[in-house]
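For reference, the structure is listed below as structure tokens.
The values are calculated or read from the model by the stated rules, or taken from the named source; none is laboratory data. Computed from a predicted model, the values in this text were never measured in an experiment. Heads up, the Cβs are rebuilt from the backbone with ideal geometry, glycines too, and the neighbour counts pull from every protein chain shown. Ligands, DNA and RNA are stripped out before the accessible areas are found, and what is left, the full protein with its side chains, is counted by its heavy atoms. Shrake-Rupley method; radii C 1.70, N 1.55, O 1.52, S 1.80 Å.
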Amino acid sequence: RYTAKISGIAAEEFPTIPTLAKEWSCNIKKESLIGALKKVSISPANDETRPVLAGIYFQFNEKLATIAATDSYRLSEIKVPLDEEVSDNKFIVPSRTMNEVLRLLSGTESESISISGSENQIAFKIGDTTVISRLIEGAFPNYSQIIPVSSGLKIKVDHKELASALKMAALFAKDTANNIKFITDKENNKLIIKTAESQIGNSISNINAEISGEHLEIAFNVRYIIDVLGVTSGDSIEIELNDDSSAGLIRSIKDEGFIYIVMPLKVDN
């Protein structure tokens with residue numbers, strides 16, 4: 001009782017599937033790549049006005065892969081050990097491509113993923129599926145200069161307690177551009193998380209903390225901190241700071257090789 005007609009297009013008009021000249025290749029464990037991509041995928045820029053910031057940076061050196069992303073306000077970097085030594089290489093892949101790769105990784109039974117590339121293309125072979133993408137042209141920012149080499153203040157807090165406090169603070173920070181303030185109370189071993197007064201009110205949380213260093217008040221975008229807590233594991237989080245205008249470093253001891261750098265906000269007292 002039903003009839004349908006589907007119009008088609010000549011097969012010859014389908015775009016040619018590119019043939020990749022394998023100038024470079026390596027293998028990486030599936031679980032290692034999944035864990036790395038989940039952590040760095042929170043940091044690329046959403047807009048493509050600066051293409052290099054809308055991608056994920058890969059650097060290979062001997063038996064180590066460094067994967068990073070930044071939107072200039074925050075940075076995620078993770079170092080992934082490799083089973084085999086590879087020739088040096090670095091490139092930037094569009095974050096949209098890597099989101100698709102991550103989706104495919106979660107559904108494959110393959111234990112190892114093959115990555116191969118040429119001057120302007122990259123291919124990820126995931127089981128029976130191959131994803132080929134153009135690379136982003138340009139130089140990734142030299143972010144090593146913003147990674148703190150030392151810190152004057154170290155804070156260790158419970159992961160779940162910090163996440164709960166930040167989620168509440170986020171509700172009150174919506175009207176103030178997501179601004180929150182961290183205040184250290186070394187005498188009482190507390191980290192105070194405070195929001196400014198807004199139309200809906202304000203919040204103050206006091207959470208237990210191990211604090212080493214001087215008193216500091218520093219402001220952050222609460223969404224940036226919540227994002228990293230969502231991709232880190234372990235019972236505790238370490239926060240390293242120097243002053244209210246320098247980048248802060250956040251990491252979990254359990255997530256070896258991963259660091260998260262976030263720039264503070266400049267706000268009126």
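Inside the stretch 60-77, can you point out the residues that are over 22 Å from ARG50 (Cβ atoms), open to solvent by 10 Å² or more (accessible area, probe 1.4 Å) and in contact (Cβ under 8 Å) with a residue 24 or more places away in the chain?
Once the filter is applied, which keeps residues that are over 22 Å from ARG50 (Cβ atoms), open to solvent by 10 Å² or more (accessible area, probe 1.4 Å) and in contact (Cβ under 8 Å) with a residue 24 or more places away in the chain, the stretch 60-77 yields ASN61, GLU62.
Condition check: farther than 20 Å from LYS160 by Cβ, assigned to a strand (DSSP E or B) and touching a strand residue (DSSP E or B) at 6+ places or on another chain (Cβ under 7 Å). Does LEU191 satisfy that?
no
Name the one entry in LYS154, LYS160 that is assigned to a helix (DSSP H, G or I) and either in contact with a Ser or Thr (Cβ under 6 Å, 6 or more places away or on another chain) or over 19 Å from PRO264 (Cβ atoms) (or both).
Going through LYS154, LYS160 in turn, just one is assigned to a helix (DSSP H, G or I) and either in contact with a Ser or Thr (Cβ under 6 Å, 6 or more places away or on another chain) or over 19 Å from PRO264 (Cβ atoms) (or both): LYS160.
Go through the stretch 177-188 residue by residue and tally those that are buried (at least 17 other Cβ atoms within 10 Å of the Cβ) and either out of contact with any His (no Cβ under 7 Å at 6 or more places or on another chain) or not in a loop (DSSP other than H, G, I, E, B) (or both).
6
Do we have any residue at all in the stretch 149-164 that's surrounded by 16 or more Cβ atoms within 10 Å (Cβ to Cβ), on the phi < 0 side of the Ramachandran plot and over 22 Å from the mean Cα position of the chain (by Cα)?
yes
Would you mention how many residues in the stretch 204-226 are open to solvent by less than 10 Å² (accessible area, probe 1.4 Å) and either of a type in the set (Phe, Trp, Tyr) or in a loop (DSSP other than H, G, I, E, B) (or both)?
1
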